[in-house]
Amino acid sequence: MKRVLVLGCTGSIGSQTLDIIRHCPDQFTVAGLTCGSDKNSLQKLCAEFNCPGTLYSEEGTEGLSRLLDKAHADIAVNGVAGSAGLTPSVMVLERGISLALANKETVVMAWDLVKTLAQKNNSPIIPVDSEHSAVFCLINQAQAQNVSELVITASGGPFRTWTKQQLETVTVTQALNHPTWHMGPKITIDSASLANKGLEVIEACRLFNMQSSQVTVVVHPQSLVHSLVRTKDGMLYAQISEPDMRHPIQNALTWPDMQPSYLKPFTLAGTEMSFYAPRTEDFKMLPLAYDAARIGGNATIAYNAANEVAVQAFMDGAISFLQIADVVAHVLQHDWKAVPDSIAQVMEADKESRQYASQKVKALQEKR
């Protein structure tokens, strides 16, 4: 029986984690719950699962620290969105707890520091993003030394077939209408701009010790193939399932074992799949991520922070959809080659990036 701590229990990842636990009461029990600000939902869930909880907006890191010490969890699922998820990841790993990681920013902002902490405390990090979960499983089967390339799939978002002229008029409502996945607003807009895929490229490089030249993105609208690996003999191996995040979450919860799933198995018969090269000229957030990955140092922190500022500005009506990439490109023009050697330095680079991004947003807004 694994004791599971769910960080961000009212979000998409957290809710689906709790669904798994409800269906598998003989395998998992809830050790504790956290959420950002939805106090009523947190109280109801704590009552349902008979466990302690903490509200991050009121109790902050002190509340999380108390919960971690009280919960005695075997594994924590980090479904917190954005850069706010970095500190919880660090706090989990400091206590030697296994981390099922759905928070991209932990890897994008501070991978070297986080990896060192995980190794020091013998805390496995198991990726929960569908793409990285797929690669994780495929590499374990093919063996890392045999893998020469990672192929990360992207749905293409709602604007896959839109012209450059159409992209100039995108509304927030349109950007939030994802054709395949049901996610939070920020990640949904990131999927529409391909920033989400850019973050995943950076993650893949770091999680699996690959150069950016060894990570390829292919657009796959059906979202059935979650990722592929190419072995040294040139063969491609894919992980295929319905686009349901409960698959990678359950894989992380049961790792290193593979357990039967209560989810409906995927059937190939009657299924069509298509694949396309991404339109990097129109969706510039993807090539900008490759730039950040090649630069290294603080560049990936800058990419993430600038994107967060720009996405919020787009949702607030301050800039257009295509100007999200303009903000990020502007921020990346600064010198980000320095390598942070502490979480404090990571947060300082994050703060500086946001200042540059906010200045660019203001300048773009004044021109409208």
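The values are calculated or read from the model by the stated rules, or taken from the named source; none is laboratory data. Predicted model only: the values in this text are computed from it and were never measured. In this analysis, Cβ positions are derived from the backbone assuming ideal geometry, glycine residues included, and neighbour counts consider all displayed protein chains. The accessibility values were calculated without ligands, DNA or RNA, using every heavy atom of the protein model including side chains. Shrake-Rupley method; radii C 1.70, N 1.55, O 1.52, S 1.80 Å.
Gaussian network model of the chain, Cα springs within a sub-10 Å range: biggest mean-square fluctuation belongs to which of Ser212, Ser223, Ser148?
Sorting by GNM fluctuation, first place goes to Ser148.
Divide, for segment 168-322, the radius of gyration over alpha carbons by 2.2 N^0.38 Å, where N is the residue count. Write down the numbers at each step before the final one.
Details: Rg = 17.1 Å, N = 155, 2.2 N^0.38 = 15.0 Å.
Taking the Cα Rg and dividing by 2.2 N^0.38 Å, one obtains 1.15.
Report, by chain and number, residues whose modeled amide H sits under 5 Å from the one on Gln239, excluding near sequence neighbours (fewer than 5 apart, same chain).
Under 5 Å from the amide H of Gln239: His226, Ser227.
Need the full-extension length gain, Ser213 to Ala238, defined as separation in residues times 0.36 nm minus the C-alpha distance. One decimal, nm. Please report the intermediate quantities before stating the final value.
Working: separation 25, 0.36 × 25 = 9.00 nm, distance 1.95 nm.
Full-extension gain reported as 7.1 nm.
Quick one: what do you get for segment 81-180 if you divide its Cα Rg by 2.2 N^0.38 Å?
On the way: Rg = 17.6 Å, N = 100, 2.2 N^0.38 = 12.7 Å.
My calculation over the Cα atoms of segment 81-180 gives 1.39.
Probe of 1.4 angstrom, ligands and nucleic acids ignored: what's the accessible area per residue over segment 265-368, in square angstrom?
51 Å²
Which length gain, in nm to one decimal place, applies between His72 and Ser57 when the Cα-Cα distance is subtracted from 0.36 nm times their residue separation?
3.1 nm
For segment 168-179, what does the Karplus curve 6.51 cos²θ - 1.76 cosθ + 1.60, with θ = phi - 60°, yield as ³J(HN,Hα) per residue in whole Hz, taken in order and with x for Gly and Pro?
Calculated HN-Hα couplings, in order: 5, 10, 4, 9, 4, 4, 5, 5, 8, 9, 6, x Hz.
Considering amide H positions built from the backbone, and no H for Pro or chain starts, which residues 5 or more places from Phe321, or on another chain, come under 5 Å of its amide H?
Counting only residues 5 or more places away or on other chains, the set is Val170.
Starting from the amide H of Gly53, placed 1.01 Å from N in the peptide plane, find each other amide H under 5 Å away whose residue is 5 or more places distant or on another chain.
Leu33
Of all beta bridges DSSP finds with both residues in the chain, what is the antiparallel percent, to the nearest 5?
Just about 30 percent of them are antiparallel.
Anyone know which of Ala144, Ala292, Ala81 comes out most mobile in the 10 Å Cα GNM of the chain?
It is Ala144.
Would you mind checking the pairs Lys104/Lys351; Lys164/Lys264; Lys70/Lys104 and listing those with alpha carbons more than 29 angstrom apart?
Working: Lys104/Lys351 18 Å; Lys164/Lys264 39 Å; Lys70/Lys104 26 Å.
Beyond 29 Å between Cα atoms: Lys164/Lys264.
At q = 0.25, 0.32 Å⁻¹, what base-10 log of I(q)/I(0) does the Debye formula yield for segment 304-343 when every alpha carbon is treated as an equal point scatterer in vacuo?
So the normalised log intensities are -0.78, -1.04.
Rounded to whole Hz and in sequence order, give me ³J(HN,Hα) for segment 330-347 from the Karplus expression 6.51 cos²θ - 1.76 cosθ + 1.60, θ = phi - 60°, writing x for Gly and Pro.
In residue order, the calculated couplings are 4, 5, 5, 5, 6, 7, 10, 6, 4, 9, x, 10, 7, 5, 4, 5, 4, 5 Hz.
What longest region of the chain stays clear of chymotrypsin sites (Phe, Trp or Tyr not before Pro) that DSSP places outside H, G, I, E and B and that have at most 16 other Cβ atoms within 10 Å?
Maximal segment without exposed cleavage sites: 1-261.
If you place +1 on the Cβ of every Lys and Arg, -1 on the Cβ of every Asp and Glu, and leave all else neutral, what size is the dipole of the chain about its Cα centre, to the nearest 20 Debye?
Charge dipole, the chain, about its Cα centre: 120 debye, nearest 20.
Per residue of segment 87-99, in order, report the coupling 6.51 cos²θ - 1.76 cosθ + 1.60 (Karplus, θ = phi - 60°) as ³J(HN,Hα) in whole Hz, putting x for Gly and Pro.
Rounded to whole hertz, the list is 4, x, 4, 4, 5, 5, 5, 4, 9, x, 8, 4, 10.
In whole angstrom, how long is each semi-axis of the equivalent ellipsoid of segment 138-208, when you take the square root of 5 times every eigenvalue of its Cα gyration tensor and sort them from largest down?
Whole-Å semi-axes of the equivalent ellipsoid: 30, 12, 10.
How about segment 270-318: which GluC sites (Glu not before Pro) there are in a DSSP loop, with at most 11 other Cβ atoms within 10 Å of their Cβ?
Glu272, Glu281
Note the full-extension length gain between Arg22 and Lys164 as 0.36 nm times their separation in residues minus their Cα-Cα distance, in nm to one decimal.
That works out to 46.6 nm of additional length.
Which one, Thr163, Ala81, Met210, projects farthest toward the positive side of the charge dipole computed for the chain from Cβ point charges (K/R +1, D/E -1)?
Farthest towards the positive pole: Thr163.
Mean-square fluctuation check for the chain, GNM, Cα pairs under 10 Å: which of Gln165, Gln174, Gln214 is largest?
Top of the fluctuation ranking is Gln165.
Just the number, please: carbon plus sulfur as a percent of the accessible area of the chain, 1.4 Å probe, no ligands or DNA/RNA counted.
About 49 percent, which is the carbon plus sulfur part of the accessible surface.
Where does the chain land at 222 nm, in deg cm²/dmol rounded to the nearest 500, when only DSSP H runs of n ≥ 4 count, each adding -39500 (n - 2.57), divided by all residues?
Working: 15 runs with 180 residues, N = 368.
Calculated mean residue ellipticity at 222 nm is -15000 deg cm²/dmol.
Arrange the peptides 239-245, 60-66 so that the one whose residues have, on average, the most other Cβ atoms within 10 Å appears first.
In decreasing order of mean packing, 239-245, 60-66 become 239-245, 60-66.
Can you give me the accessible area per residue for segment 69-192, using a 1.4 Å probe, in Å²?
For segment 69-192, the solvent-accessible area averages 40 Å² per residue.
Out of (1) 36, 22, 20; (2) 30, 25, 21; (3) 43, 31, 22, which label holds the value of semi-axes √(5λ) of the Cα gyration tensor in Å that was computed here?
(2)
Over segment 208-247, with the other protein chains present, what is the accessible area per residue in square angstrom, probe 1.4 angstrom? Walk me through the numbers before you get to the answer.
Working: 1880 Å² over 40 residues.
Per residue, segment 208-247 has 47 Å² of solvent-accessible surface.
Expressed as cubic angstrom per residue, what is the convex hull volume of the alpha carbon set of segment 10-118?
92 Å³
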